[in-house]
1. Just to make sure I understand: if all protein chains stay in place, what is the order of LEU177, LEU131 by accessible area at 1.4 Å, largest first?
2. Normalised by the number of residues in region 68-204, what is the relative contact order in percent for Cα pairs under 8 Å and 6+ residues apart?
3. With r as the distance between the Cβ atoms of ILE118 and PHE204 and R0 = 25 Å, compute the FRET efficiency 1/(1 + (r/R0)^6) and round to 0.05.
4. Skipping prolines and chain starts, which residues have an amide H placed within reach, meaning under 5 Å, of the one on MET120, given they are 5 or more residues away or on another chain?
5. Taking the Cα of TRP152, stepping 7 Å toward and past its beta carbon, and measuring to each backbone N in region 90-131: which are under 12 Å?
6. May I ask you to evaluate 6.51 cos²θ - 1.76 cosθ + 1.60, the Karplus curve with θ = phi - 60°, for each residue of region 149-157 and list the ³J(HN,Hα) values in order in whole Hz, giving x for glycine and proline?
7. Could you name the aspartates and glutamates whose alpha carbon sits less than 18 Å from that of LYS147, not counting residues in the same chain fewer than 8 places away?
8. I'd like the FRET efficiency for VAL187 and VAL71, computed as 1/(1 + (r/R0)^6) with the beta carbon distance as r and R0 of 35 Å, rounded to 0.05.
Amino acid sequence: MRKFLIGAALALTTAAAPAQAADIIPGYGPGYGPVVAAYSWMGPYLGVQVGYGWGNVPNSGTKPSGVLGGVHGGFNWQTGGLVLGGEADVTFTGTEDTFANWKFTNPWFSTIRGRAGIAMNNILFYGTVGLAIGELKATTPIGSESKTLTGWTAGVGMEVAMTQNWSARAEYLYMDLNERGYAVTGVQNGLDMNQLRLGVSYRF
């Protein structure tokens, strides 16, 4: 996973170079060299994300993992190099695991998060925290049972503007969904999940 993060960061940083070069306005200020236009992160955006998740279901012995993908949208406010915003996403997952006769799957989850970051022209480093909700399904020899769990999520990320409208991101999120009682397991079960995600966004 460390190689994944390092590779994603290198790819985004490399891709940022031509975008920064494109921001240079022809002409020179007196004695100051090329004039560079600052990129604006202000405004609404929509996008998609894909990635991989792995985690743990307490009191079950299962460690669900699998691919995930979904959509996100949000709005940014910017003052100087400080970028504040809000974002929501809906993600569908293939995370599942079986231990003994117990199987747990997480078909979907959704988050509503605040974001705060520092912009270096067209590169944004940010942190994010907020609320999470998702489905956790338990299957045992007794039968199947699904519950909607709530909790919290937090993470960090890096986003690079490729053009004035398009940006790409790499981020890590941790999600903790609270435990609830399951009749088919006879115990309390919840979900803790780590996620590595790549995404693209279109800014309006």
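The values are calculated or read from the model by the stated rules, or taken from the named source; none is laboratory data. From a predicted model like this one, the values you see are computed outputs, not experimental measurements. Positions of Cβ are backbone-derived with ideal geometry, glycine not excepted, and every protein chain shown enters the neighbour counts. We work out accessible area using only protein heavy atoms, side chains counted, and drop any ligands, DNA or RNA first. Shrake-Rupley method; radii C 1.70, N 1.55, O 1.52, S 1.80 Å.
1. Numbers: LEU177 5, LEU131 125 Å².
Putting LEU177, LEU131 in descending order of accessible area: LEU131, LEU177.
2. Numbers: 356 pairs, mean separation 22.7, N = 137.
Contact order relative to length: 17 percent.
3. On the way: r = 23 Å, r/R0 = 0.91.
So, using R0 = 25 Å, E works out to roughly 0.65.
4. PHE125
5. 129-131
6. 10, 10, x, 9, 8, 7, x, 9, x
7. GLU96, ASP97, GLU135, ASP176, GLU179, ASP192
8. Numbers: r = 34 Å, r/R0 = 0.97.
E(calc), rounded to 0.05, equals 0.55.
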